[in-house]
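Here's the structure, in structure tokens; my notes come after.
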Amino acid sequence: MHDVEAVLDRIEPLRGSRTVRDLAGGLTNRNLKVTTDHGIFVVRLSSPSAGLLAVDREIEYRNTLIAAETVGAGVVDYLPGEGVLVIKWIEGTTFNESDLLDERNLVRAAQACQRLHSGRRFSNDFDMFDIQRRYLSVVLDKGFRLPARYRDFEPQVDRIRSALAVQPIATVPCNNDLLAGNFIDTGDELRLIDYEYSGNNDPYFELGNIWSESTLPLGHLEVLITAYDGAPSHSRLARARLLALMSKYGWMLWAAIQHSVSTLDFDFWAWGMEKYERAVTEFDSPDFERLLADCAQPF
């Protein structure tokens with residue numbers, strides 16, 4: 001996709017003597033750690049397939065600038081139209097899912113989200129209901145593989161949206177993709193990276209997605225919400241669980257698209273099906289009706 005050395009030579013602090021190594025992770029990008037006399041940087045080289053995944057690199061750049069004011073990494077450079085973003089390296093430890101099993105870290109994660117959510121609004125909105133429909137159109141139009149029973153749950157999706165609307169919540173700037181690996185522990189605080197899917201969103205999508213992506217026990221979602229709000233709430237817990245269900249349902253289609261178009265050596269289908277199978281269990285569970293009812297209750 002990119003002539004790496006030529007790209008690095010165009011960016012002032014990366015010129016001259018340097019060491020370059022690939023960073024793990026990044027299912028839609030290649031991420032490089034570049035060390036020069038001027039410091040340590042991360043260079044993101046984006047995949048050309050990102051447009052199918054509802055990723056806008058200009059929006060990502062603008063939102064990364066805004067996030068740097070609160071919890072994100074500083075932006076060094078951006079090459080418009082070329083999918084190249086350069087940010088400052090954050091010195092710290094990258095979380096894994098086991099780190100979020102520690103309830104003390106969940107409290108810190110909630111505090112990091114509060115800082116991001118209280119910052120300047122992002123330049124766009126993110127709504128998983130809209131994203132899911134967009135992904136479904138891509139999958140159907142291009143004849144990509146769709147898991148069994150996928151469209152059978154459309155009535156339940158409509159009911160989730162209606163239940164959420166009973167107690168509307170103002171949107172806030174959200175990362176929307178807080179995998180454990182997007183938390184960096186500096187020792188003093190947690191920083192949040194990777195704003196590909198960022199946008200103004202329901203804050204309980206953020207919390208539910210953290211819980212879902214790391215497959216944490218249900219009690220950990222309660223800890224996360226209590227730390228975020230300062231008090232427990234059955235209504236907000238139900239809201240976060242329903243939005244987490246929508247995240248699993250929607251990200252399955254992300255995986256279906258990547259399964260068909262990505263050149264990376266990664267089993268996107270299995271990755272998505274793990275999420276989808278959990279979503280099916282939740283759609284089919286007797287708890288689903290109770291969650292809808294609880295979500296509609298006053299906070």
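Where a number appears in this text, it was derived from the coordinates with a stated rule and is not lab data. Only a predicted model underlies this, so the values are computations on that prediction, with no experimental measurement involved. Here the Cβ positions follow ideal geometry from the backbone for every residue, glycine too, while neighbour counts run over all protein chains shown.
First check a/c for region 1-139, with a ≥ b ≥ c the square roots of the eigenvalues of its C-alpha gyration tensor; if it is under 1.5, answer rounded, and if not, answer prolate when a/b is larger than b/c or oblate otherwise. Because a/c hits 1.5 or more and a/b fails to exceed b/c, region 1-139 counts as oblate. Annotation for region 177-231 versus region 236-287: alpha-carbon center distance of 17 Å. Positive-end ranking of I169, G181, W251 along the dipole of region 94-295, with charges on Cβ about the Cα centre, is headed by I169.
Stretching the chain fully between E91 and R121 yields a gain of 8.2 nm (0.36 nm per residue, less the alpha carbon separation). Packing, as the average of other Cβ atoms within 10 Å across residues, places the peptides 235-243, 64-72 in the order 235-243, 64-72, highest first.
Compute the helix-to-body angle for 103-117: its Cα long axis versus the longest principal axis of the chain, expressed 0 to 90° and rounded to tens. The answer is roughly 80 degrees. Considering only C-alpha atoms, what is the centroid distance from region 85-141 to region 12-32, in Å? Computed from Cα coordinates, the inter-centre distance equals 22 Å. Assuming charge only on the beta carbon of Lys and Arg (+1) and of Asp and Glu (-1), the dipole of the chain about its Cα centre is about 360 debye to the nearest 20. Classify region 125-194 from the C-alpha gyration tensor, please: rounded if a/c falls under 1.5, else prolate or oblate depending on whether a/b exceeds b/c. Judged from the Cα gyration tensor, region 125-194 comes out oblate (a/c at least 1.5, b/c at or above a/b). Quick one: go through region 272-290 and flag any residue whose amide nitrogen is under 19 Å from the point 7 Å out along the Cα-to-Cβ line of A148. Counting backbone N atoms under 19 Å from the label point, the list is 272-285. When the Cα gyration tensor is reduced to axis lengths a ≥ b ≥ c, the ratio a/c is 1.5 or higher for region 43-106, and with a/b above b/c it is classed as prolate.
Note on the chain: Rg/Rh from C-alpha atoms, Kirkwood Rh, equals 0.97. In a fully extended conformation the segment linking K33 and D265 would gain 81.4 nm over its present Cα-Cα distance, using 0.36 nm per residue.
Restricting to DSSP H runs of at least four residues, report the calculated mean residue ellipticity at 222 nm for the chain, -39500 (n - 2.57) per run over all residues, nearest 500 deg cm²/dmol. One gets -14500 deg cm²/dmol as the mean residue ellipticity at 222 nm. Of the peptides 140-150, 8-18, the order by per-residue mean of other Cβ atoms within 10 Å, starting with the highest, comes out as 8-18, 140-150.
Axis angle, to the nearest 10 degrees, between helix 203-213 and the longest C-alpha principal axis of the chain: 80 degrees.
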